[in-house]
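*Asks:* The structure is given below, and queries will be raised subsequently.
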Amino acid sequence: MRLAALVTGGKDSVLALYRAQQMGHTVEVLATMIPKREDSYMFHFPNIHLTEHISRAVELPLVTAETSAIKEEEVEDLKRLLASLDVEGVVSGAIASSYQKQRIKRICDELGLKSVTPLWHEEPLDIMNELIALKFKVIIVGVYAYGLDRSWLGKEINSATLEKLMELNKKYQISLVGEGGEYESLVLDAPIFKKRIEIIESEISYENGSGILVVKEAKLVDKD
């Protein structure tokens with residue numbers, strides 16, 4: 001099936017893109033919604049501009065559209081973007097958010113498209129272990145939950161990080177995959193990347209128990 005992949009730069013959307021290709025689908029284009037405000041119900045915000053680097057890294061075209069990020073209005077913004085594409089379906093990285101999955105499914109139904117959600121209802125621990133086993137390079141770029149302090153910003157997700165997340169899950173019920181909005185991530189390398197992303201300059205903005213790592217400059221470099 002010819003698909004558009006909803007890509008944010010985060011681990012779930014990139015893993016879903018990877019899975020869709022492994023399933024035999026042809027991903028024709030990446031689609032990114034750019035929220036005008038941070039508190040979008042539907043869409044990832046931190047470092048959304050880096051989807052341009054991801055597009056070049058996977059050698060697929062990227063289409064973008066701004067969204068008001070106002071509840072329900074942003075759904076119509078996404079519908080307008082998808083309606084402009086010549087594809088048969090849409091792949092997204094929804095894992096447990098019924099809010100997100102139901103709205104994407106509704107848009108797809110209205111447009112006559114198939115909604116593909118390869119990560120839906122998978123065990124969070126299995127997803128995290130898969131990312132590590134496949135050698136995805138993922139860093140945490142947003143923290144919004146008790147237990148995730150400033151020191152987590154820029155931290156790479158690996159076996160040691162996963163162990164700490166598991167401890168926080170037991171202690172504070174933090175989702176291992178950040179499905180409750182506890183953290184946001186950024187993929188710097190993946191098996192489907194022809195080049196990897198290297199951060200040149202970044203800064204941390206942190207206050208009142210939450211914060212983001214803002215990537216101010218990045219470039220694509222050859223993989224080792």
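The values are calculated or read from the model by the stated rules, or taken from the named source; none is laboratory data. Everything numeric here is computed off the predicted structure, so don't read it as measured data. Here the Cβ is made from the backbone with ideal geometry for all residues, glycine too, and neighbour counts use every protein chain on show. All accessible areas refer to the heavy atoms of the entire protein, side chains included, with ligands and DNA or RNA removed. Shrake-Rupley method; radii C 1.70, N 1.55, O 1.52, S 1.80 Å.
*Asks:* One residue is enough: does segment 53-72 have a residue meeting the conditions acidic (Asp, Glu), open to solvent by less than 70 Å² (accessible area, probe 1.4 Å) and modelled with pLDDT under 90?
*Replies:* Within segment 53-72 (the criterion being acidic (Asp, Glu), open to solvent by less than 70 Å² (accessible area, probe 1.4 Å) and modelled with pLDDT under 90), the answer is yes, since at least one residue qualifies.
*Asks:* Something else now. Across segment 169-178, which residue is surrounded by the fewest Cβ atoms within 10 Å (Cβ to Cβ) among those that are part of a loop (DSSP other than H, G, I, E, B) and in contact (Cβ under 8 Å) with a residue 24 or more places away in the chain?
*Replies:* That would be 175.
*Asks:* If a residue must be over 24 Å from residue 192 (Cα atoms) and of a type outside the set (Phe, Trp, Tyr), how many such residues does segment 86-139 contain?
*Replies:* Qualifying residue count for the region: 17.
*Asks:* Still on this model: Any chance segment 146-162 includes a residue that's part of a loop (DSSP other than H, G, I, E, B), of a type in the set (S, T, N, Q) and under 15 Å from the mean Cα position of the chain (by Cα)?
*Replies:* Checked segment 146-162: no residue is part of a loop (DSSP other than H, G, I, E, B), of a type in the set (S, T, N, Q) and under 15 Å from the mean Cα position of the chain (by Cα).
*Asks:* If you don't mind, another one. Identify all residues within segment 99-112 that are touching a residue at least 40 places away in the same chain (Cβ under 8 Å) and open to solvent by less than 50 Å² (accessible area, probe 1.4 Å); write none if there are none.
*Replies:* 100, 103, 104
*Asks:* Could you tell me whether residue 115 is small (Gly, Ala, Ser), out of contact with any Phe, Trp or Tyr (no Cβ under 8 Å at 6 or more places or on another chain) and farther than 24 Å from residue 31 by Cα?
*Replies:* no
*Asks:* Filter segment 113-123 for residues that are free of Cβ contacts under 8 Å to residues at least 60 places away in the same chain, over 10 Å from residue 94 (Cβ atoms) and surrounded by fewer than 19 Cβ atoms within 10 Å (Cβ to Cβ) and give the result.
*Replies:* Matches in segment 113-123: 122, 123.
*Asks:* Ok, one more. Say whether the condition of being open to solvent by 50 Å² or more (accessible area, probe 1.4 Å) and closer than 15 Å to residue 12 by Cβ is met by at least one residue in segment 77-88.
*Replies:* Checking segment 77-88: not a single residue is open to solvent by 50 Å² or more (accessible area, probe 1.4 Å) and closer than 15 Å to residue 12 by Cβ.
*Asks:* I'd like the full set of residues that are out of contact with any Gly (no Cβ under 6 Å at 6 or more places or on another chain), hydrophobic (A, V, I, L, M, F, W, C) and open to solvent by less than 30 Å² (accessible area, probe 1.4 Å), limited to segment 204-219.
*Replies:* 215, 218, listed by residue number.
*Asks:* If I ask for residues that are at pLDDT below 95, open to solvent by 60 Å² or more (accessible area, probe 1.4 Å) and farther than 22 Å from residue 143 by Cβ, which ones from segment 17-52 would you list?
*Replies:* Listed by number, the list holds a single entry, 36.
*Asks:* Right, another one. Which of the residues that make up segment 124-142 are part of a strand (DSSP E or B) and touching a residue at least 60 places away in the same chain (Cβ under 8 Å)?
*Replies:* Hits for segment 124-142 are 138, 139, 140, 141, 142.
*Asks:* Can you spot a residue in segment 146-168 that is farther than 22 Å from residue 204 by Cβ and without any contact (Cβ under 8 Å) to a residue 12 or more places away in the chain?
*Replies:* yes
*Asks:* Also: Does residue 96 meet the test of being open to solvent by 20 Å² or more (accessible area, probe 1.4 Å), small (Gly, Ala, Ser) and not in a loop (DSSP other than H, G, I, E, B)?
*Replies:* no
*Asks:* Further question on the same structure: Going by what's in this entry, would residue 201 be described as over 15 Å from residue 147 (Cβ atoms), open to solvent by 40 Å² or more (accessible area, probe 1.4 Å) and at pLDDT 95 or above?
*Replies:* It is true that residue 201 is over 15 Å from residue 147 (Cβ atoms), open to solvent by 40 Å² or more (accessible area, probe 1.4 Å) and at pLDDT 95 or above.
*Asks:* Quick check on residue 14: is it of a type in the set (A, V, I, L, M), open to solvent by 10 Å² or more (accessible area, probe 1.4 Å) and either at pLDDT below 95 or not in a loop (DSSP other than H, G, I, E, B) (or both)?
*Replies:* no
*Asks:* Taking the conditions exactly as written (open to solvent by 20 Å² or more (accessible area, probe 1.4 Å), modelled with pLDDT of 95 or more, of a type in the set (S, T, N, Q) and within 21 Å of residue 121 (Cα to Cα)), does residue 158 satisfy them or not?
*Replies:* no
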